[in-house]
Amino acid sequence: MRPTKVTGYYGRPVLKAPVWKSAIPLYFFTGGVAGASSTLAFAAGLRGNRRLARSAMLASVAGVAASGPLLVIDLGKPSRFLNMLRVAKPTSPMSVGSWVLTAFAPASMAAAASDVTGRLPRLGRVAAGAGAVLGPVVATYTAVLVANTAIPAWHDAHRELPFLFVGSAAASAAGIAMIATPVADAGPARRLAMMGAALELGAFRAMESRLDEAVAGPYMHGRAGRLAKAAEACSATGAVLAVTAGRRRRRAAVTAGALLCAGSLLTRFSVFRAGIESAADPAATIDPQRRRVDGRGTVGA
């Protein structure tokens with residue numbers, strides 16, 4: 001039975017709120033764009049779609065270029081990122097992510113430089129392949145990172161968050177590719193947009209239905225809930241527009257791409273804000289624990 005009011009531990013918060021700045025959800029977004037765009041570029045290159053491959057490759061480089069400064073803004077100074085590379089801990093999502101990002105950035109930039117200049121094509125292909133392999137990890141490791149915390153809205157959603165982030169990353173990468181690529185060459189991007197948006201929306205719905213009521217609350221109500229609803233509207237509208245009018249009209253394709261990017265960005269801010277609100281709500285921590293304890297007691301009896 002749910003208590004009427006949970007105030008925490010003697011009036012004190014049960015958990016400390018995340019100390020991350022707003023640069024972090026932006027970093028989640030740009031990292032997702034970089035990772036998914038790298039994979040899209042490699043796949044398009046294998047099919048001989050040079051225009052789409054170059055657009056996605058340049059989007060990947062732009063995402064990487066933005067991710068570094070955003071991460072440094074949150075850390076305070078670049079040396080703190082370098083300190084994370086002093087050791088490699090496979091059990092730490094932050095350590096793994098730091099090393100993957102360190103390997104991914106030069107691979108993405110080398111592939112783009114080779115494609116634009118036409119020099120060292122063999123090295124460029126190897127770099128593009130490495131970026132394509134590392135891209136999904138770059139796009140999703142941040143989901144594992146937040147789920148590895150004690151924040152209920154993140155930790156309890158560990159099953160769905162990686163799918164939510166990879167779907168969101170795919171939708172945003174496809175959106176940027178649709179904006180930067182002629183309609184005739186953007187067919188794979190449109191299909192990726194539909195798949196990414198469907199995965200993103202499906203993961204959100206699965207997360208809301210599976211989580212405990214007190215834990216899922218921030219995703220459905222308050223500021224985070226409003227951001228989530230806006231994200232769903234943008235992603236769904238962008239995906240539908242991409243595979244209908246976006247197949248024929250350039251303006252519709254650009255609008256669809258912008259909506260997909262907006263939906264992805266709002267999704268990251270929604271997840272970020274839900275974590276902050278969840279940490280501030282003692283019921284999100286205490287109520288699920290009490291229900292689990294009561295459930296074990298019932299089974300034992």
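Report yes if some residue within the stretch 103-113 is under 20 Å from Ser37 (Cβ atoms), in contact (Cβ under 8 Å) with a residue 40 or more places away in the chain, buried (at least 18 other Cβ atoms within 10 Å of the Cβ) and among the polar types (S, T, N, Q); otherwise report no.
Yes - at least one qualifying residue is present in the stretch 103-113.
Could you please give the count of residues in the stretch 143-181 that are surrounded by fewer than 20 Cβ atoms within 10 Å (Cβ to Cβ), over 19 Å from Ala17 (Cβ atoms) and touching a Leu at 6+ places or on another chain (Cβ under 7 Å)?
1
Checking Leu211 against (1) surrounded by 19 or more Cβ atoms within 10 Å (Cβ to Cβ); (2) at pLDDT 90 or above; (3) closer than 27 Å to Val137 by Cα, only one condition comes out false. Which one?
(2)
Report every pair of residues separated by at least 6 positions or lying on different chains whose Cβ atoms are under 6 Å apart, first residue within the stretch 208-235 and within 23 Å of Arg190 (Cα to Cα) and in contact (Cβ under 8 Å) with a residue 60 or more places away in the chain, second in a helix (DSSP H, G or I) and of a type in the set (Asp, Glu).
So the pair list comes out as Ser235/Glu200.
Using the structure shown, decide if Ser95 is surrounded by 14 or more Cβ atoms within 10 Å (Cβ to Cβ), of a type in the set (Ser, Thr, Tyr) and in contact (Cβ under 8 Å) with a residue 40 or more places away in the chain.
No; evaluated as a whole, the condition is false for this residue.
I need the full set of residues from the stretch 233-252 which are at pLDDT 95 or above and more than 17 Å from Leu192 (Cα to Cα), in order please.
Ala233 - this is the single residue of the stretch 233-252 that is at pLDDT 95 or above and more than 17 Å from Leu192 (Cα to Cα).
Within the stretch 143-190, can you find the residues that are part of a helix (DSSP H, G or I), closer than 20 Å to Ala206 by Cα and among the β-branched types (Val, Ile, Thr)?
Selection gives Val144, Val146, Val166.
All but one of (1) part of a helix (DSSP H, G or I); (2) more than 22 Å from Pro25 (Cα to Cα) hold for Met94; which doesn't?
Here Met94 meets the rest and fails (2).
Is there a residue in the stretch 131-142 that is assigned to a helix (DSSP H, G or I), more than 11 Å from the chain's Cα centre (by Cα), closer than 30 Å to Val19 by Cβ and hydrophobic (A, V, I, L, M, F, W, C)? Let's see the steps before the verdict.
Step one: filter the stretch 131-142 for residues assigned to a helix (DSSP H, G or I), giving 131-142.
From what's left, more than 11 Å from the chain's Cα centre (by Cα): 131-135.
With closer than 30 Å to Val19 by Cβ added as a condition, the list becomes 134-135.
When the remaining residues are screened for being hydrophobic (A, V, I, L, M, F, W, C), the result is 134.
There is at least one residue in the stretch 131-142 that is assigned to a helix (DSSP H, G or I), more than 11 Å from the chain's Cα centre (by Cα), closer than 30 Å to Val19 by Cβ and hydrophobic (A, V, I, L, M, F, W, C).
Do you know which of the residues in the stretch 53-92 that are under 22 Å from the mean Cα position of the chain (by Cα) and of a type in the set (Ser, Thr, Tyr) is surrounded by the most Cβ atoms within 10 Å (Cβ to Cβ)?
First, pick out the residues of the stretch 53-92 that are under 22 Å from the mean Cα position of the chain (by Cα): 53, 55-75, 81, 84, 90-92.
If we keep only those that are of a type in the set (Ser, Thr, Tyr) too, we end up with 55, 60, 67, 91-92.
Working: Ser55: 25, Ser60: 34, Ser67: 24, Thr91: 7, Ser92: 14.
Residue satisfying both the conditions and the ranking: Ser60.
Among the residues of the stretch 182-208, what is the count of those that are buried (at least 19 other Cβ atoms within 10 Å of the Cβ) and either small (Gly, Ala, Ser) or closer than 17 Å to Val137 by Cα (or both)?
So the count comes out to 8.
Just to verify a result, which residue in the stretch 112-136, among those that are touching a Ser or Thr at 6+ places or on another chain (Cβ under 8 Å) and hydrophobic (A, V, I, L, M, F, W, C), is farthest from Phe165 (Cα to Cα)?
The selected residue is Leu120.
Looking only at the stretch 248-264, decide whether some residue is under 21 Å from Val144 (Cβ atoms) and buried (at least 24 other Cβ atoms within 10 Å of the Cβ). Show your work before the answer.
Within the stretch 248-264, the subset under 21 Å from Val144 (Cβ atoms) is 264.
Now narrow it down to the ones that are buried (at least 24 other Cβ atoms within 10 Å of the Cβ): 264.
The answer is yes; a qualifying residue exists.
The values are calculated or read from the model by the stated rules, or taken from the named source; none is laboratory data. A quick note: this is a predicted structure, and the numbers were derived from the prediction, not measured. Ideal geometry is used to build each Cβ from the backbone, glycine not excepted, and the neighbour counts take in all protein chains shown.
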